[in-house]
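Report on the following structure.
Just so it is clear, none of the values below were taken in a lab; they were calculated from the coordinates. In this text, all values refer to a predicted model and were calculated from it rather than measured experimentally. Virtual Cβ from ideal backbone geometry, glycine too; neighbours counted across all protein chains shown.
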């Protein structure tokens with residue numbers, strides 16, 4: 001029985017971080033192929049891009065890695081936005097394009113701010129809860 005989309009993606013990232021790279025790659029690839037219109041496809045694209053960039057599991061293919069990072073960047077994945085910006089700043093396997101790099105750096109900054117906000121809210125919530133328990 002196939003895993004639901006978000007469970008499959010969690011499975012991919014869990015295995016990636018555990019070092020089970022083949023399982024992670026297969027799961028990212030399955031998600032990317034089966035759920036290409038899913039709002040989380042950027043996360044799977046970012047995972048696949050890592051494998052193609054570093055030549056892990058699959059032969060290194062920097063052009064494909066860049067294409068996947070762009071998909072992930074468009075999906076608001078801050079790490080992918082940073083990678084796309086870096087490659088465009090330095091002209092790594094893509095023509096140097098400082099204007100595009102600036103665009104992605106600005107989006108990365110916005111995304112990281114958005115990503116940090118819920119954690120700050122959670123942290124404040126925990127602190128407030130602890131304060132109320134003391135009183």
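Using 1/(1 + (r/R0)^6) with R0 = 22 angstrom and r between the beta carbons of residue 21 and residue 93, what's the FRET efficiency to the nearest 0.05?
For R0 = 22 Å, the calculated efficiency reads 0.45.
Contour minus end-to-end for residue 33 and residue 109, with contour as 0.36 nm per residue of separation and end-to-end as the Cα-Cα distance? The partial results should precede the final answer.
On the way: separation 76, 0.36 × 76 = 27.36 nm, distance 2.94 nm.
Gain in length upon complete extension: 24.4 nm.
Once fully extended, how much extra length lies between residue 102 and residue 3, figured as 0.36 nm per residue of separation less the alpha-carbon to alpha-carbon distance?
On the way: separation 99, 0.36 × 99 = 35.64 nm, distance 3.82 nm.
Contour length minus the Cα-Cα distance gives 31.8 nm.
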